[in-house]
Structure formats: C-alpha cells, structure tokens
Amino acid sequence: MSILRILMIAPEAIPVPGGGSVEICMLSIARELSRDHDVTILSRRSSAYPAVSRYGRVTVERIPSGDRKTYLRSILTYLKDNLKKKKFDLIQVDNRPSYMAQVKKRFPGTPVTLFLHSLTFVPQTKAVAACLAKADLIIANSDSLKERLSHRFPASRSSIRTVHLGVDLDRFHPPDRKSKKQLKARLGLKDAYTILFAGRVIPRKGVPVLLKAAALLREKVPDVQLLIVGSGSSPYMKSLKAEASRLKLPVVFAGRISHRSIHRAYGAADCFVCPSQQHEAFGLVNVEAMATGIPVIASDIGGIGEIVKHKHNGYLVRKYTHPEEFARYLIRLARSRSLQAELSHNARKTAVRHFGWRQTAKALSALYGRFR
C-alpha cells in the first residue's frame, strides 16, 4: 500500500484536541490513519496549545481563526504555501461545505473530500448544492445521513459514501463489579440500578421524556437512580431539576465531564438511554455505551438503528415521544439480571466487531485509495 499524505481541516469553533464530537472523531480517526499514512490536522489557534503539536504520529498545526472569514483566509494561505511543496496528496474538510468548496476552487488539482457529521451545515439551498458539487467525495457517518443528503442534493448522490464512526475500545470497556461500585460512589451515586444520559442537555435530546420514563420505572422497581451528564442553559437545567424534584426522582446532574474522563460515567451505569426527539446522524454516545458493555434504549430515529439492534444489544423505541415506551424496556431490563447480562455482552461484542476506530480508518483508507 502506498502512503498518502492527508490533510484534515477541522471546523473553526473548537481547537483540536477539544471537547466537540467532530474534533474528537477527527483526532481518533487520524491516529488510526497514521498507521498507514502521513496525517496532518489543520485547526484553529488557541492559547491553550502551541502552534504545532504531535499526538502519536499525527501532526496538528494551528492557524489564526477569530471568525469564519479569518479562518478560511488562514486555511487558503496555509495551503498555498504547502501545496507548492507538494506536501499533501489529499485534503479532507470536516463539516464545512463552504470551506471545502473554496479549497477545491483554489486548488483544483488536489483531491478534496468532505466528511459530514450531521445535517447542521447542509440546509437544502442552491448555495450548499453548488458547494457539494465541487467535492471529489462526500463521506456521511451513517446510511441515514447519506439518504437524507441524497434526497436533498440528488445531483451529488453518486459522490456520497458511508463510513461509520467508532470508539476507543481500550478506554471504553466493561468494568468489573467492584470497579462499577467505586465509580458510582465517585460520582455521588448509590449502589443502585443506574440509568445514564450523556450529551448536550437541550430540548431535542429528550431528557424530560427520560425523567417521566424513570418515574414510571420506579413504580415497579424502586431502587433506581439517574445520572445526567452534560450541560445546558441555566433556565433549561433549572426546569429539569424542578421536574425531577416534582417526580421525586433521585437524579445526579453531573454537568459537563471532559471526554477524556467520560468513560468513568459510562462505567458507573447499568443502562444508557438516548431519548432523542429529532434526527441523529449517528449517535456516538450509543457506541461508547455499548463498548462499555451496557445496553442502550434509544429512539428509533436517524442512524441510531444502524448501531442499536432491537432485543440484541438494546432496544429501539419507535414511539419516542412517549415516556411509557421507554419505561417498558427499562422495567424489562431492571427486573432481569440474565437479560441485562445478555444484552451487555452483545453490546460490547457489537462495538468490538463493528465500531472500533480502526474499522473507521480502514473504511476511509479504502475509499481514499482511488486517489493514489
């Protein structure tokens, strides 16, 4: 296999490495790609990091940002200097169609790909369609996202491929019973059946549905508690805490936990619930939960069904606006140790077989092989 010199261009908002899901994915994929290729990530400058860093065999170079226009100018200046030296064979732009289009316009002789993590930056407009048309290849992180993109932009359908995301299988792994008990205590939890939610605490993520479902569960299985990991606006968090109090639910609102420590929260949990109320392109949190060996109960929406297999490693909820539908599966799991153990085993097995970062990098490398 010949080595490709790959440049990955990160969005402007968060420096790499950072707490954003896109940045986490980029560095994880780059580390695996660097086993076989020469990989550089271009990211925004930050006072927290030097201009150039090395993470294993991956180089991260940081350029001036400030706003999107400044960042784009910095990207184009950087490329002008480095492509003259023929430093890169391929450029991957993550989640910013407009940046990708400008890069391809300025450097038409270099293959430029777009890796999309969500629908956020691809509204169905003529301007976005024109941007996507310039990509040599478009990567979607799920079949669901690929289908949505193909529907919105039929002219680009033939350019879109799916590459699933992954998880660090060494860091996210099932703890033994003693370790789980210690992790619960560390987070201020009792040694009780623990339901975890992790993610942005915003209305579309469905935490109120989870609170009502947990209240229904406690009518059947009293020794239950919730762990909510993530941050949200002060008024919204206040309303959720008031609702938990009204329902007399034992809930620990842990706030934001850095991604480098988040595996401990998964390790403390017995079940993970993802009650999303709107389309999820992939749902990285579900894979992280499964790798930790905990069953997932999730809304059957977007790409989640490509990860969670109903009654095998968790449960998919079709009527995801209804708390009683989540409660039904929570009751089933909390009442049966054997079912809990079976789904936990299958969850870890699924993650190992299909959702390691190595699998992601291999799939991406195979697609990029056409540009050698």
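Here are some notes:
- Within the range 152-181, being surrounded by 14 or more Cβ atoms within 10 Å (Cβ to Cβ) and among the polar types (S, T, N, Q) holds for Ser156, Ser159, Thr162.
- Checked against the criterion of being touching a helix residue (DSSP H, G or I) at 6+ places or on another chain (Cβ under 6 Å) and within 23 Å of Met290 (Cα to Cα), the candidates Leu196, Leu226, Leu216 yield just one match: Leu226.
- One residue stands out among those in the range 19-72 that are part of a strand (DSSP E or B) and of a type in the set (S, T, N, Q): the one that is nearest to the chain's Cα centre (by Cα), which is Ser43.
- For the range 326-372, residues that are farther than 16 Å from Tyr315 by Cβ and outside any helix (DSSP H, G or I) total 3.
- Residue within the range 67-85 that is aliphatic (A, V, I, L, M), on the phi < 0 side of the Ramachandran plot and modelled with pLDDT under 95 present: yes
- Residue ID - farthest from Arg200 (Cα to Cα), chosen from residues in the range 29-38 that are surrounded by 21 or more Cβ atoms within 10 Å (Cβ to Cβ) and not acidic (Asp, Glu): His37
- Exactly one residue out of Asp94, Asp81 is buried (at least 20 other Cβ atoms within 10 Å of the Cβ) and either out of contact with any helix residue (DSSP H, G or I) (no Cβ under 9 Å at 6 or more places or on another chain) or of a type in the set (Asp, Glu) (or both): that is Asp94.
The values are calculated or read from the model by the stated rules, or taken from the named source; none is laboratory data. This is a predicted model, so every value here is computed, not measured. With ideal geometry, Cβ positions are generated from the backbone for all residues, glycine too; neighbour counts draw on all protein chains shown.
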